[in-house]
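This report concerns only the one structure given below.
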Amino acid sequence: MKAIRIYGAGDVRLEEIELADPEPGEVLIRVRATGICGTDVEILDGTMAYFTRGMAQYPVVPGHEWVGEVASLGAAVSGFEVGEHVVGECCVSCGTCDLCKSGNYHRCLSRTETGILNRDGGFAEYMLFPAAFLHKISKQVDLRAAAMVEPTAIAFNGVKAGQVTPRDTLAIYGDGPIGLLLLLVAKEFGAKRIAVIGATPDRLALAAKLGADLVIDALNQDVAAELSQHFGQPDVSIEATGIPDAASTAIVNTVPGGRVVLQGLFGGRKLNDFDLDQIVINDLSVKGALGSPGIWPDVITLIEQGRIDPLPIATHSIALQDFATGIDLVTSRKGIKVIAVQETDHP
């Protein structure tokens, strides 16, 4: 089968690799669509934290945002049938440690992460995946929307971590895919008012179209002044850029007693000279939100019912072999969500 494989910083290849049969408990999946994430960019440019810290190793087949079709079942697999559409969680844990048993399997010290941490991902014609971490999704869902279950689940987890309610105003820092999905999810949670802070005019225009009550261009406007004039200090702030200055701005501009959620990975960049007394004096709750544990069925239902529609952020569809072009679209910010769609039948 054909697969995209990254061998190190800047070294990406389209290769023919052997197609294996599923082991017991595994499912062989024909991949139908896979989205490019900022994490894939970081893996390719060599800055992704798991690789720089020695937790993950090259080569790796990237791709953790995918949808596929069941091709065959390994022994002892039940609940799935050949031809069904499925999506798979990014985190694949051991299932036996105390963290897994407590429901915090995304923290499992023995976990793998699809297309990232010691498990090949979805930029391939086929993939093997453990049935325990698969979820069915209706064939009526557009392949591109189905491929965005994973990032939508990340956004869902961020809004959940912020405990957003209909009483809350919310500021979202970031106009990329996660920032825009945070907007869609927060609207479903019933947030009273939502501001999106970003740096790309066309993405901010899309945020307004998708229902943001306020959009702020952080490069050309004073974020604090704009919030104060049009919005007030938000009850909840969610940082989804991975930029240290955005994190400090989020903390400083959240209402006393409010909640701040950090979802962006900062790639080793430090928040220098930040006055930590801001957190104590303002009695803020600051929380990191990792992964998307235990919420996939809810997210799939919301997408299947059309209550959350991620399709507006899917700006480009490419072929598998055009992965490098897709990366360029993402890094140049010409594309928001770029998805490799494999529509044709295989022998």
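Quick notes
Matching residues to (1) modelled with pLDDT of 95 or more; (2) hydroxyl-bearing (Ser, Thr, Tyr):
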position	(1), (2)
48	no, no
69	yes, no
96	no, yes
107	no, no
134	yes, no
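- Residue list for the range 147-179, restricted to those being over 13 Å from the mean Cα position of the chain (by Cα), part of a helix (DSSP H, G or I) and among the charged types (D, E, K, R): 160
- Test result for residue 281, touching a helix residue (DSSP H, G or I) at 6+ places or on another chain (Cβ under 8 Å) and among the hydrophobic types (A, V, I, L, M, F, W, C): no
- Sole residue being out of contact with any Gly (no Cβ under 8 Å at 6 or more places or on another chain) and without any contact (Cβ under 8 Å) to a residue 12 or more places away in the chain, chosen from 332, 317, 292: 332
This table checks each residue for (1) at pLDDT below 95; (2) open to solvent by less than 30 Å² (accessible area, probe 1.4 Å).
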| site | (1), (2) |
| --- | --- |
| 307 | no, no |
| 314 | no, yes |
| 321 | no, no |
| 334 | yes, no |
| 340 | no, yes |
| 346 | yes, no |
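- Residue, nearest to residue 127 (Cα to Cα), within the range 4-18, restricted to residues that are among the aliphatic types (A, V, I, L, M) and outside any strand (DSSP E or B): 17
- Failed item in (1) closer than 15 Å to residue 185 by Cβ; (2) in contact with a Gly (Cβ under 8 Å, 6 or more places away or on another chain); (3) β-branched (Val, Ile, Thr), with residue 308 passing the rest: (2)
- Residues (without any contact (Cβ under 8 Å) to a residue 40 or more places away in the chain and in contact with a strand residue (DSSP E or B) (Cβ under 9 Å, 6 or more places away or on another chain)) located in the range 199-211: 199, 201, 204, 205, 207, 208, 211
- Restricted to strands (runs of 3 or more DSSP E) entirely inside the range 180-290, those with at least 3 residues that are within 25 Å of residue 312 (Cα to Cα) and open to solvent by less than 20 Å² (accessible area, probe 1.4 Å) are 193-198, 236-239.
- The set of residues in the range 291-301 being buried (at least 21 other Cβ atoms within 10 Å of the Cβ) and at pLDDT 95 or above consists of 296, 299.
The values are calculated or read from the model by the stated rules, or taken from the named source; none is laboratory data. Note that this is a predicted model, so its numbers are computed, not measured. When we count neighbours, we look across all protein chains shown, and the Cβ atoms used for this are built from the backbone with ideal geometry, even at glycine. These area figures cover heavy atoms from the full protein model, side chains too; ligands, DNA and RNA do not enter into them. Shrake-Rupley method; radii C 1.70, N 1.55, O 1.52, S 1.80 Å.
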